[in-house]
Amino acid sequence: MNRINKKLQEDKKLLSIYFTAGYPKLEDTVPVLEELVKSGVDMIEIGLPFSDPLADGPTIQESSTAALKNGMTTAKLFDQIKDIRKTVDIPLIVMGYFNPMLQYGVEKFCKACSEIGIDGLIMPDLPLAEYEEHYKATFEKYDLKMVFLITPQTSDKRIKQIDTASDGFIYMVSSASTTGKTSGFSNVQREYFERIDALNLKNPQIVGFGIKDEETFKAATKTAKGAIIGSAFIKMLTEKGIEGISSFIKSIRP
């Protein structure tokens, strides 16, 4: 069984962390991964930096730019994490954009992921129809779960299509958290969480965007299976480095 599916069966709310490979320093990728595992996270998204990351906010964009300047490439990432399964046993997902994957070669990319022990991919700019027509067979050949994103604007019909095409979890994008709200999420966002919950989808949902502390983690996981923290984690990494990881994770899920 794929590690993602196995993890989703566990009777708890999952905490997933996104970080940019090659940031803050080029060789920080493996130390960050290993420290996150020691700190008790359930799943990790390894961000493959790209020069034009359309779905990312300024914090992640800046970390991508810095990682590229550090010399991070697809080939470099694969080289860095080639032995990662000797020390890391939780699900690992590569999150990036389709262009670098295409340049590397889709089959070659999927084969490398499979050999390393990557469990899934998130490519926000790879449309569902394109994936199903051209790439699904390759992803399945290498047992890589494709994770699709939904937003508050995604129609119920489209969400059901994504649910049918998925075999893992659905990445549920909340809108960015509202500044100055003590609750962290607006009523509109909470209604969206409840609307998705009411659809009774076959795939569990993991919420991303706007999760930054224990309060927003709890709010996001009230109806969803888990939550992803990206920008807040990268901000902490920028300020405190790898030494700050353990206390950051404890502050989210004491």
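The values are calculated or read from the model by the stated rules, or taken from the named source; none is laboratory data. As the structure is a prediction and not an experimental result, all values here were calculated from the model. Because the Cβ atoms are built from the backbone with ideal geometry, glycine has one as well, and the counts that use them run over all protein chains shown. We work out accessible area using only protein heavy atoms, side chains counted, and drop any ligands, DNA or RNA first. Shrake-Rupley method; radii C 1.70, N 1.55, O 1.52, S 1.80 Å.
Okay, here's what the table says:
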| quantity | calculated |
| --- | --- |
| Environment charge of A198, counting only residues whose C-beta is closer than 12 Å and scoring Lys/Arg +1, Asp/Glu -1 | -3 |
| 12 Å cut-off, amide nitrogen to a point 7 angstrom out along E132 Cα→Cβ, residues in the range 154-177 | 158-166 |
| Residue-wise HN-Hα coupling along the range 207-215, computed from phi with Karplus coefficients 6.51, -1.76, 1.60 (Hz; x: Gly, Pro) | 8, x, 6, x, 8, 9, 7, 4, 5 |
| Relative counts (whole %) of C-alpha pair distances in the range 3-252, using bins that are 10 Å wide | 7, 33, 39, 19, 2 |
| Accessible surface, per residue, of the chain when the full set of protein chains is kept, probe 1.4 Å, Å² | 45 Å² |
| Of all accessible heavy-atom area on the chain, the percent that carbon and sulfur account for (1.4 Å) | 50 percent |
| Check: the range 162-254 dipole with +1 on Lys, Arg Cβ and -1 on Asp, Glu Cβ, in debye | 140 debye |
| At R0 = 25 Å, FRET efficiency that the Cβ-Cβ distance of Y142 and D89 yields, to 0.05 | 0.85 |
| Helix-only mean residue ellipticity at 222 nm for the chain, each DSSP H run of n ≥ 4 adding -39500 (n - 2.57), per residue, nearest 500 | -12000 deg cm²/dmol |
| Rough spin-label spacing in nm, given labels placed 7 Å along Cα→Cβ, for T65 and I242 | 2.6 nm |
| Potential extension, A165-V30 segment - 0.36 nm per residue separation minus Cα distance | 45.4 nm |
| Amide H contacts of Y18 (H built 1.01 Å from N, under 5 Å, at least 5 apart or other chain) | E45, I229, G230 |
| Size of electric dipole in the range 1-128: Cβ of Lys, Arg +1 and of Asp, Glu -1, about Cα centre, debye, nearest 20 | 240 debye |
| Computed FRET value (nearest 0.05) for N2 with S175, which takes r as the C-beta separation and R₀ as 35 Å | 0.70 |
| Charged-residue dipole, Cβ positions (Lys, Arg, Asp, Glu), the range 3-252 about Cα centre, Debye nearest 20 | 360 debye |
| Options I196, S174, G96, ranked by Cα towards positive dipole end of the range 3-252, top entry (Cβ charges) | I196 |
